[in-house]
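Structure first, then comments.
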Amino acid sequence: MWLDVAVSAPAHSQVGGLLTYCTDLPAQVGQLVRVPFGKREVLGVVWRVHSQAPSHVAQSAVKHVTAVLDGVSPLSPHWLQLVQFTAQYYQRAIGEVALAALPPQLRDLTPVQLARRLTKHSASEDSLKSALASPWPLSAQQAQVLAQMAEAAGPFLIHGATGSGKTEVYLQAVARCLAEDPEAQALMMVPEINLTPQLEARVKARFGAAGVVSMHSGMTGPQRLKSWLAAHQGSARIVLGTRMAIFASMPKLKWIVVDEEHDASYKQQEGARYSARDLAIYRARLEGAKVILGSATPSLESWHQSRPGFTERVPRACPACGNADIAPMGRGTEQLEEHLTELLTDVKRPDGQAVRVMRIDADSTKLKGALEAQLSNVHSGEVDVLVGTQMIAKGHDFRRITLVAAINPDSALFSSDFRAPERLFALLMQAGGRAGRDAAQSASSEMWVQTFHPAHPLFEALKQHDYPAFAEQQLKERFAAGLPPSSFQALVRCDARMQAVAQAFLNHGHAQLQHMAQEDAALAAMLAQVSVFSAVPMSIQRVANVERAQMLLESTSRASLHKVLDLLQTCLHASRTDPAHKGLIRWLVDVDPLAI
């Protein structure tokens, strides 16, 4: 059997990666082993197991595993993933992180000495039983926080002044977790060693001393080993500790609490300079656990992440199982049609018939003649409620409509496209114009807009039908930001089989242009008038298995922009057959683009 083993070594040394050993002893991934390393024998963690010798390894140079510490069960796959992520993110060796996360005595004891310690630990294990104490009464605010945490997946940020009861919320959350799952474990972290004893006293007073252990650098070697083994074997239900405790082996971890999460002590300042707070969030996601960050003065990073409006890229596959068969789900026109039909079930027309709801969108008008037939039904009075997209807002003369409702148009207010508010205002003005076109009904006609930002200048101008005021406000913002019409823009777009190829092709053309400018003063002066931004993925990055990237050029001089565009295209044409750009499909130039 061939094993890839992580041992403690610097990241950039010749032995900084996983080392290959062979053995006839039974070993699993995550197993602790003793291996020869130079003139020493050291502790290692089995990272991978091979039935045959890896092709890149000279078998004659491979050393044998000295011993397998089978008295300690293998470290969990989640623990290995946590260590590997830490090593990659913080640019360290896997073995350096893994071995530093284990108790020093575990690294130093021989298999015989370790077996003796394990026997002693097992003898005292029967006393590790915890009975949950009765919780303290909660305030209304504390109860509300706990209820929200019970319903959501987290992570959670608890912001409250000192003495406001954050610790009680932690304890209640942990108590509920342990009560629901008899095997569950919880990790509670504090930034400083001197805070551990007072938290330990409070936790033991609540839950009893059994099943509660601490982990911090101020403990002796035997104490740290005992606590680590209790957590690893699952007999410790609650682990208290400083930043080092984030690497505690806890196979049934369900809750993580990071108290005073803003404290700089959570950031390791030597070796692998990890942030225990950030790793707590990653580990919770990895383990399927919940994590609470608490502070009277949260870090700005945590505060920003907890504010409404935080976004992340939509995944192409399920982050839990990897299934790529995912589709966007939302409150679209079809769902709105169904919901309105249900709501209006008991509403009758003057003739006693049920209210008739119809939807007009791209799906309902796919067939030839479908749109004309539907519009005919609207004009003839056979439709009472019309649901649709912007295609029904433009130019149609619906004489019977007295109410227009725009459902949640707020996304355009915060779009990355600076023209989105302009288009939204135009669309809403057009939609409003569909109501009251019959003079007899114009006085009773209304337009409703659903928004979370009713005081936004766009809606204020819309209520007054005041396009000049809206335009003045938009132009003021655009000139302040140097956006059109105060400048001119162009996009160079590229399609390729891989996103990296598309971006590299565009960036290479820009680099060639800069190289030419070094030898041509006139070109350099002209290029200085044009801002060329690095290539980025388009907002809809992938269409029909084709990756799309774009590069933005911007200038206050239209002439300079066009001259630079002409030279850039020359560079792109010259490099299109370069083998480095294999997979390139096409590129195009969009001058004065309407959308970015």
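The values are calculated or read from the model by the stated rules, or taken from the named source; none is laboratory data. All values derive from a computational prediction rather than experimental measurement. Please note: Cβ atoms are built from the backbone with ideal geometry, for glycine as well, and neighbour counts cover all protein chains shown.
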Quiz item: Of the residues that make up segment 179-194, is at least one farther than 22 Å from residue 286 by Cα, in the same structural domain as residue 288 (by TED's automatic domain parsing) and at pLDDT 85 or above?
Solution: yes
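Among the residues of segment 276-306 satisfying the criterion of being in a loop (DSSP other than H, G, I, E, B) and crowded, with 16+ Cβ neighbours inside 10 Å, which is nearest to the chain's Cα centre (by Cα)? Let's see the steps before the verdict.
Residues of segment 276-306 that are in a loop (DSSP other than H, G, I, E, B), as a first pass: 288-289, 296-299.
This time we only want the ones that are crowded, with 16+ Cβ neighbours inside 10 Å, so: 289, 298-299.
Details: 289: 16, 298: 20, 299: 18 Å.
Among them, the one singled out is 289.
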Quiz prompt | Number of the condition not met by residue 345 [criteria: (1) of a type in the set (Ser, Thr, Tyr); (2) in a helix (DSSP H, G or I); (3) over 30 Å from residue 318 (Cβ atoms)] | solution = (2)
Exercise. Select from segment 48-80 the residues that are touching a helix residue (DSSP H, G or I) at 6+ places or on another chain (Cβ under 6 Å) and of a type outside the set (A, V, I, L, M) and list them in ascending order.
Key: 71, 78
Exercise. Report the residue count in segment 172-231 for those that are buried (at least 20 other Cβ atoms within 10 Å of the Cβ), aliphatic (A, V, I, L, M) and not in a loop (DSSP other than H, G, I, E, B).
Key: 16
Quiz item: Counting only residues that are free of Cβ contacts under 8 Å to residues at least 60 places away in the same chain and in contact with a Pro (Cβ under 8 Å, 6 or more places away or on another chain), how many does segment 556-596 have?
Solution: 0
Quiz item: Are any residues in segment 402-417 surrounded by 15 or more Cβ atoms within 10 Å (Cβ to Cβ), part of a loop (DSSP other than H, G, I, E, B) and under 25 Å from the mean Cα position of the chain (by Cα), and if so, which ones?
Solution: 409, 415
Quiz item: Residues in segment 352-388 that are more than 14 Å from residue 399 (Cβ to Cβ) and not in a helix (DSSP H, G or I): how many?
Solution: 21
Exercise. State whether one or more residues within segment 83-93 are assigned to a loop (DSSP other than H, G, I, E, B), closer than 29 Å to residue 246 by Cβ, among the aliphatic types (A, V, I, L, M) and not assigned by TED's automatic domain parsing to the domain that holds residue 245.
Key: yes
Exercise. Being part of a helix (DSSP H, G or I) and within 15 Å of residue 511 (Cα to Cα) is the filter here, so list the residues in segment 573-587 that pass it.
Key: 573, 574, 575, 580, 581
